Structure formats: C-alpha cells, structure tokens
Amino acid sequence: MKEWPRASLLGAEIEFASMRTYARYFLRRLGQFVFVVFVGINIVFFVTHATPVDPVEQAISSATQFGHSDPRAVEIMRKALRELYGLDGTILQQYVRFWTRLATGDFGPSLSAFPTPVSVLIRQSLPWTVGLLFTSTLIAWGVGNSLGGLAGYYRKNRLLKAVGIAATGLQPIPSYIMSLVVLILFGYIWPILPISGGFQMNVSPDLSIPFVSSVIMHSILPVLSLVLITIGAWFVGMRSLVSNIVTEDYVVYAELAGVNRRRILTSYIMRNALTPQLTGLALSLGAIFNGAIITEFVFGYPGLGTLLVRGVNSGDYSLVLGIASISIVAVATAVFVIDLLYPLLDPRVKVE
Amino acid sequence: MLRVFRDLFRYNREFAAGTILVLIVLSLVVASFFSPYPPQDSYVVPPDVPPCWAYPLGTNSRGQDVFWQLTVAIRNSLLFGIAVAFLSRIISLAIGLVSGYTGGLVDRVLMSINDTFVVIPQFPILTLFYFMMHDHMSWTLLALAMASLGWPYDARLIRSVALSLRNREFTAQSVFSGMSTRQILLEEHLPYVLPIVFSTTMNNINWSIGLEVTLSVIGFTNIETPTIGTMIYWANQHTAMVAGIWWWVVAPVATVIMTFIGLFLLSVSMNEFIDPRSRLARMGV
C-alpha cells in the first residue's frame, strides 16, 4: 500500500474540515432564508385575514355602487370572487391554499387587468425593479465604500471632509422626499432628463441602440435619487470602520516596514472593513427595496412599486397580495445570495 | 446636566446644528396652537397667493394659509413619529434585554425573529394593510402597525449591550441577592441601555415620519388629517408644481428635511457622547 505524504494528508484534512464548516454555514443561512419567507408570508396571511374588511364584499360594493343590481347576480359574483381570491372554505383550507398559490407562483387573474394572471404582471415589472435596485445598490455601495475608506485613511483631506458633511446631511432623508426633490430639480428647474416612465413611448422594446439608450436615460433620475439616499450610510460606516482599523498594530507595523500606502489601504485596511459592510448590505436590503419601489412610483417607473400602487387604487386584491408575497420572497432570496458570497470575502467563515 | 449641554454645544458642531434645527421645528409646533384658522377648514383666505407680508408662506389652492397649515402638519407628523418610536422602543427593549440576558436557545430564537423582521420589506406590507383597512385606517392603527415593524434594528443593538452586562459582577450580585429576572432587567440593566435607546429614538422618529409621508402622499392614510404627507398629497392633487404654486410643495418638503437632518444630527452626536473615546478625540485631549 502506498503511503500518503503527511503534508498532503493534512492538506486534505483541512480542505475537508473547511468544506464541512462551509456546509454548516450554508445550512444555517438556508434555514434563516426559509424562516424569513415563512414569517413574512404568515404576516401577509395575518394582515389579510385578521382585518375587519372583507376584500370580496369590498369588490362587490364598488361594483354595485352605481345603480341597482340583481341580488342573484350579486350572489353568483360573491361566490366567484371567493373562489378567485382563495377565500372559500375553512381558515385552514385557506391557509394551505395560500401556500400552494405561493409555491406555484399562481395568484390567479388580476381584477384590474382581467384576465391577465397576476404572475404575468409581476414577471413583467420585476426585471425593472431588480435592474434599478441592482444598479443603484452597486453604485452606492461601491462609491460610498471607496470614498468612505479614503476619508477614513486621509482624515485631513478637505475635499473628503466636505463629502462627509454632504453624506451626513443626505443620509436621513427618506426616498420619497429625495425623489421629489430630484424630480423638481430636473423636471421643472433644469429639465434635461426624462422624469417619467421606463423608456420612450415611440421606441419599440427590443435590443436596439435607441431602446437601450432610452432605458438608460430614463433610469438616470431614479438611480440618482436612490444612490443619493443610500450612499451616505456606506460612506459614514466605512469611514468609521477604517479610522478604527488604522490604529491597529499591524497597520502601524506595515507603515513602518515601508509597505506602499495604497497597498496598505486596499489590502490591509479596506479588505478587513468590507466584511461588516457586506453584512450591512444584507441587513439593509429590505429598506433599500422599500426605497426602490417608492422611487419607482414617483418616477412612474414600470416596476413593482408602480404596479403595487395601481393595484391598490383599482382594488385589485390578488395583485396587491401577489406583490407583497413576491417582495418578501425576492428580498429574502437576495439576502441569501449575499450571505453565500460572504465566505469569499471573509475566509474565516470557512475555517472558523 | 446643563454643563454637559454647554460642552456639547461648544465642542460638537453636529449637536449645535441639530439642536438649532430641532428648535426651529419645535417653535413651528408651538406656533400651531396660535393658528387663527381651524386646520381642516378650507377657503378661509384668498387662494394661490404667493408668499407676501400677510401670508409669509403664501396660500394654497384650497384657500388655506400655507404657514398655519404647515405648523399643524408638522405637529401631527412629529406626534406620529414620537408615538411610533415610543411603542417600538417598548418592543425592542423587551426583546433586546431578554435576549441578551437569557442567552442560549431563547436568544437564538428571538434573534432569528429579529433578523427576519430586519429583512422583510415593510412598505408592501403596510400597503397591503391599508388595502385591507381602507376607510377603517386611522392614525392609531397605522402607528401600531408601524411600531410592530420598526423595532428590530434597535433590539439587536440593545441585546449587544445586554450581553456585556450579563457578565458584569453587579449582575451576579443581583442574582445572588435573590432578584427575579424581571427585576434585574428593569432595575439593573435598563438604566445602562437608556442612552442608546434615546439616540435610536431619534432615528426611529425619522424612519416613521418618512414612511408616514410616503404613505400619505400616495393617499394610503387618512388624508383628512393634516400632516406633512397629506399636505404634499393635496398639493399633488391640485398639481401645484405644474400650476406654479411651488410654495405649497417647497414649504412642507423643506420643513420635513430640516426635521430629518436635525434629529439625525442629534442622534449622531448623542452616539458620540455615549462613546467616551470619540468624545475625547473631539475635544482634542
């Protein structure tokens, strides 16, 4: 029998151990993901079933408020709506049906865009929301962290100090107010960019240059307002993280040893500060999502936010319910993905 | 107490700026009690008058004086924010203290729930809530709904402090002297976390006013109650910006931004004050 060299055996063992801890990490995150979806959907079920208003009666009263209608027809309508909304049978049956609907992604037809299924409407607007969210988060997180890192390292720099003051001032402003201010600035005072919609009406939606450039032009203002509100938190967070790390012994040692300053900043300091910022990103994703759909509504961007408001205003129960449920699942999934990226940045998770 | 205040004012520019902004907003709130018109009445003054001596912030298309309307609106918005912050503080204190002190399984379960509430997007849920309530939607109900969503960030913060308190000697002493868990949490640990609770309160007020403004502007609250949000809602309904009545929109937006920045700066400076290291660094000792 061939004897294994000891070193490679040890290497294999470490490899195996790190894979096992990664698997454990993965399972724990998966558990949290399932739990988030479970609790979130239960909140949605609770809100729809514990409130005194019956959506079926509401739809009927808004349908029959003009003129007289046959009581038999109303009865048939009531029955049909109950079935459509999944509100017939006992509360337990309704609960089970609620989950089946979510699992199959079938929320029934939309009442305001009958007979288009709710799932089709959501699928049409979800890419817009995801695109907006992804772009603005990437820009805000990237730029905010880089500038924040620089500001923490070069504490005396005047320009970075000014950026810090601006970031602190922008941070507490909620997305609606920020979008409104951006809208007023670029819509009325200095109208250079489109302020409403996702692309120009007279451009056909295919992969052509005019369409893509139209999409980009229309996304600038929504992205700008989202970036402006979120960038401050990353900037301030990174600045304080870096200014704490700068005083660590290993940084002082590296400086004394004559390591290139840029190298110290990027691989010695920023790399260590990035992991808590990634956790921060995962934790604030729900809030960023809120901001995105509010911003969409302000700019009439064809995403989930606009669809949600339209659904409420037209009394479309299935649509509102569908969007609320999908939002929870989507945000939970995104957080899960970020959590899985985490070990790539922080090797300590792998070997613990 | 007064000396602390004076020192903060002198050495902490954030605190000074925040105090001034909050004082301006509070003076508006005080002024609201001297309003010559009942806030819900319309057509009490000539409509659409731009800012002038008689009407410092102009009048709107509903024949209301924007200045007096604004004072009542900011009062209601602030009250709403304080109510939500107060209610959600109770939840976050209870969960944070219990979780940090008890530890073990209770801690893990509570923090799982906590992280779940951090992640769940609140806006679609509040919208769904409005959709189900419609005309039954009231100020109190919205405050309750938002309080039950707005506690998790701070519960985690409080827990982290409670965790460190658990291993302090005085906790062991209280346990040995026969205090119940409830007594330890309320009498021994609560005073330690109160400073953090104060600073998170400011941020929570900001968060809830922000969400209230958003929901109101879309029309998802009781639009008859004058708040900053409903004020912008009515301005939008009358297309104030297009009609050139900019003062109707700019006044509430500027006021609410002042409130946000003021409260935020106060919370930032309070955080620094709680942390003695950064306080010393600032004073240049």
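From the list B:T102, B:T127, B:T140, the lone residue that is within 14 Å of chain A (Cβ to nearest Cβ), of a type in the set (S, T, N, Q) and closer than 30 Å to A:V36 by Cβ is B:T127.
Residues in segment A:29-51 that are facing chain B (nearest Cβ under 7 Å) and open to solvent by less than 50 Å² (accessible area, probe 1.4 Å): 9 in all.
Taking the criterion of being of a type in the set (F, W, Y) and at pLDDT 85 or above, would at least one residue in segment A:230-247 satisfy it? Yes.
For segment B:229-242, check the following and say yes or no: at least one residue is over 15 Å from A:L180 (Cβ atoms) and more than 19 Å from the chain's Cα centre (by Cα). Looking for residues that are over 15 Å from A:L180 (Cβ atoms) and more than 19 Å from the chain's Cα centre (by Cα), one finds at least one in segment B:229-242, hence yes. Anything in segment A:296-321 that is among the aromatic types (F, W, Y) and either more than 8 Å from chain B (Cβ to nearest Cβ) or open to solvent by 10 Å² or more (accessible area, probe 1.4 Å) (or both)? List them, or say none. Of everything in segment A:296-321, those that are among the aromatic types (F, W, Y) and either more than 8 Å from chain B (Cβ to nearest Cβ) or open to solvent by 10 Å² or more (accessible area, probe 1.4 Å) (or both) turn out to be A:F297, A:F299, A:Y301. Restricting attention to segment B:247-285, the residues being open to solvent by 50 Å² or more (accessible area, probe 1.4 Å), at pLDDT below 85 and closer than 22 Å to B:V213 by Cβ number 0.
Across segment B:218-233, which residue is farthest from the other protein chains (Cβ to nearest Cβ) among those that are within 16 Å of B:Q69 (Cα to Cα) and free of Cβ contacts under 8 Å to residues at least 24 places away in the same chain? Once the filter is applied, the top-ranked residue is B:I223. Within the option set A:G164, A:G187, A:G149, being in contact with a Lys or Arg (Cβ under 8 Å, 6 or more places away or on another chain) and within 14 Å of another protein chain (Cβ to nearest Cβ) holds for one residue only, A:G164.
Taking only segment A:56-84 into account, find how many residues are touching a Gly at 6+ places or on another chain (Cβ under 8 Å) and either within 12 Å of another protein chain (Cβ to nearest Cβ) or surrounded by fewer than 15 Cβ atoms within 10 Å (Cβ to Cβ) (or both).
Final tally of qualifying residues: 3.
Beta carbons closer than 7 Å, at least 6 apart along the sequence or on distinct chains, pair a first residue in segment A:282-296 that is more than 14 Å from A:A330 (Cα to Cα) and in contact (Cβ under 8 Å) with a residue 60 or more places away in the chain with a second that is open to solvent by 10 Å² or more (accessible area, probe 1.4 Å) and part of a helix (DSSP H, G or I) for A:G291/A:S175; A:G291/A:I229; A:I294/A:S175; A:T295/A:S175; A:E296/A:T306.
Only one entry in B:I209, B:I228, B:I223, B:I218 is of a type in the set (V, I, T) and at pLDDT below 85, namely B:I223. For A:G148, the stated conditions do not hold, so it cannot be described as crowded, with 17+ Cβ neighbours inside 10 Å, free of Cβ contacts under 8 Å to residues at least 24 places away in the same chain and not polar (S, T, N, Q). Residues in segment A:322-342 that are facing another protein chain (nearest Cβ under 7 Å) and either open to solvent by less than 10 Å² (accessible area, probe 1.4 Å) or over 16 Å from A:F35 (Cβ atoms) (or both): A:I323, A:A324, A:S327, A:I328, A:V331, A:A332. Within segment A:112-144, the set of residues being open to solvent by less than 30 Å² (accessible area, probe 1.4 Å) and assigned to a loop (DSSP other than H, G, I, E, B) comprises just one member, A:A113.
So in segment B:146-164, with the set limited to residues that are surrounded by 20 or more Cβ atoms within 10 Å (Cβ to Cβ) and of a type in the set (A, V, I, L, M), which one is farthest from the other protein chains (Cβ to nearest Cβ)? Of everything passing the filter in segment B:146-164, B:A162 is farthest from the other protein chains (Cβ to nearest Cβ). Name the single residue that is most open to solvent (accessible area, probe 1.4 Å) among those in segment A:263-295 being among the small types (G, A, S) and within 14 Å of chain B (Cβ to nearest Cβ). Here the answer is A:A287.
The values are calculated or read from the model by the stated rules, or taken from the named source; none is laboratory data. These numbers come from a predicted model, not from an experiment. Glycine gets a Cβ as well: all are built from the backbone with ideal geometry, and neighbour counts include every protein chain shown. The area values use the complete protein model at the heavy-atom level, side chains included, leaving out ligands, DNA and RNA. Shrake-Rupley method; radii C 1.70, N 1.55, O 1.52, S 1.80 Å.
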